[in-house]
Amino acid sequence: MTALAAARLGYRCHVYCQQPDSPTEQVAAAATVAPFDDLDALARFAAAVDVVTFEFENVPAESARHLAERVCLRPGWNCLRLCRHRVVEKRFLNDIGVATAPFRAVNGADDLARAAADLGRPAVLKTCTLGYDGKGQARIGPETDLAAAWTALDRDEAILEAFVDFEREVSVIVARGPDGATAPYDPVENMHENHVLARTLAPAPVAPDLVRAATETARHIAQEMDLVGLLAVEMFVTRDGRLLVNELAPRPHNSGHWTLDACVTSQFEQFVRAVCGLPLGRPDRHSDAEMQNLLGDAAEDWAAILADPDAKLHLYGKGDARPGRKMGHVTWIRPRA
Ligand code: AMP
C-alpha cells in the first residue's frame, strides 16, 4: 500500500524483502530478495535508492546501522531502537511524562516472582522483543505457576505489566516531517479478537477532551523521538478516563488502513510524503469509517463483500491463507456524524 501511494506520487519503489513474491514485489518497480543480515546485498540496495524506510521495526540493529551509514534512513535508528524493545519503550515513555501500565523488567524466575508480588495479579508477561498480535504473551492469573510461565516464555528477558481493566483501546497515528511539522489522524477505537486487531472504528466514540489528550500524547512522543515518518500510538482508556500508552509502531499501522477510504490523505501517502521530505497532506477525515480485517480464509468471501456496493475491499496478494493471517481488509464509509 505504501508502494502504491509512492507510485501515485511519481516515485519508483525498490523493496528489500527476505522472501520472493512478497505483496510489495507485485507492485514495486524493483526488488532485492535477500536475508536482512546480508550486508553486501544491503550495500547494493543502499546504492540503488535515495531514501530507505521500513514497514517492520525488527530489522537487525547491525543492518539498520549499515544502511544508515550509506543512505538516508527515515525514521532513524534511534526510533527503531526505542520501539523494538518493550522495556526500553516504556522507560522512554515514562521519562518523557507519558503514562503506561505499571511494569517491571524481568530477567529470571526469581525476578518474575518479585515483579508479580509488586504489581499484583492479574498481570501480563510479554517478551521484550519480536512479540506482536499476542504472540509471546502470557496472562499471569492468581493460580499461574510462575516458574512454569517463565520456562514456557523461553527467553532471557521479559516484561511483566499490570493488567489494565480498560474501557476501550484507541490509537492515534501521527505523521512528522523532517522540518518537524506534524499531522495527526483522528483517534480511532480498536477491537481485538484473540489479540489480533479485528475492527477499527473511526472516529473513536470518546469525549472531546480525550480526543485532544490522545492526539497531543501522540504528537509529543513523535517530537521527543525526533521521528520522521509515521508513528502509531496504541493506548488503553481506563475505566476512570485515563490514557495509558501500550505500544508504539514507527510505521503505517493496521489501525490506519481506514484512512485510505475516509481521509483526504491516507496514512500511506502521508508516510511517503514524510520520509521523502515533501509537505504533509491534510489528514482530515471526510467520512466516518469502519474497517474490518480479513483474517485467514475470511478473504475467500471476497465475492460477497464485493456484492455490497458500500464495501471497499482491499486484498494484499498474500499466498497462503493461514488461520489468523491478515489477508486483506474491508472499509465501509458513511457521512460524518
Ligand atoms: P500488545 O502486543 O502489547 O499490543 O498486546 C496485544 C493486546 O493484548 C492488546 O491490544 C490488549 O488487548 C491486550 N493487552 C496487552 N497488554 C495488556 C495489559 N497490560 N493489560 C490488559 N490487556 C493487555
By my count, strands (runs of 3 or more DSSP E) wholly in segment 248-337 with at least 2 residues that are within 24 Å of ALA218 (Cα to Cα) are 287-295
When segment 57-76 is checked residue by residue, the ones that are loosely packed, with under 13 Cβ neighbours inside 10 Å and more than 28 Å from ASP133 (Cβ to Cβ) are GLU69
With the first residue restricted to segment 127-153 and required to be under 21 Å from ALA198 (Cβ atoms), and the second required to be within 10 Å of the ligand (Cβ to nearest atom) and of a type in the set (Ser, Thr, Tyr), Cβ contacts under 7 Å at 6 or more apart or on different chains are GLY136/THR127
Considering segment 205-227, residues that are within 15 Å of the chain's Cα centre (by Cα) and away from the ligand (no atom under 16 Å from the Cβ), and then whichever is nearest to TYR185 (Cα to Cα), we arrive at ALA222
Among helices (runs of 4 or more DSSP H) entirely inside segment 57-106, those with 2 or more residues being among the acidic types (Asp, Glu) are 86-95
Per the list (1) within 10 Å of the ligand (Cβ to nearest atom); (2) closer than 27 Å to GLY324 by Cβ; (3) surrounded by fewer than 19 Cβ atoms within 10 Å (Cβ to Cβ), residue check on LYS126 breaks on (3)
ARG121 fails exactly one of (1) surrounded by 14 or more Cβ atoms within 10 Å (Cβ to Cβ); (2) more than 10 Å from the ligand (Cβ to nearest atom); (3) not in a loop (DSSP other than H, G, I, E, B); (4) not hydroxyl-bearing (Ser, Thr, Tyr), namely (3)
If we ask which residues in segment 165-178 are assigned to a loop (DSSP other than H, G, I, E, B) and buried (at least 19 other Cβ atoms within 10 Å of the Cβ), their number turns out to be 1
Return a yes/no flag: does segment 182-195 have any residue that is within 16 Å of the ligand (Cβ to nearest atom), among the polar types (S, T, N, Q) and either outside any helix (DSSP H, G or I) or without any contact (Cβ under 8 Å) to a residue 60 or more places away in the chain (or both). yes
Taking segment 201-223 and the residues there that are farther than 16 Å from ALA181 by Cβ and not hydrophobic (A, V, I, L, M, F, W, C), the one that is surrounded by the most Cβ atoms within 10 Å (Cβ to Cβ) would be THR217
- Message: Residues that are assigned to a helix (DSSP H, G or I), in contact with a Phe, Trp or Tyr (Cβ under 9 Å, 6 or more places away or on another chain) and within 25 Å of LEU80 (Cα to Cα): does segment 226-235 have at least one?
- Response: no
Of PHE54, PHE45, the only residue that is crowded, with 19+ Cβ neighbours inside 10 Å, assigned to a helix (DSSP H, G or I) and either in contact (Cβ under 8 Å) with a residue 12 or more places away in the chain or under 24 Å from the mean Cα position of the chain (by Cα) (or both) is PHE45
Exercise. Any residue in segment 153-161 that is assigned to a loop (DSSP other than H, G, I, E, B) and farther than 30 Å from LEU73 by Cβ?
Worked result: yes
- Determine whether segment 149-164 contains at least one residue that is away from the ligand (no atom under 14 Å from the Cβ), of a type in the set (Val, Ile, Thr) and surrounded by 14 or more Cβ atoms within 10 Å (Cβ to Cβ). no
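FYI, it's all coordinate maths here, none of it is from the lab. This one's a predicted model, so the numbers in the text were calculated from it and none came from an experiment. Ideal geometry is used to build each Cβ from the backbone, glycine not excepted, and the neighbour counts take in all protein chains shown.
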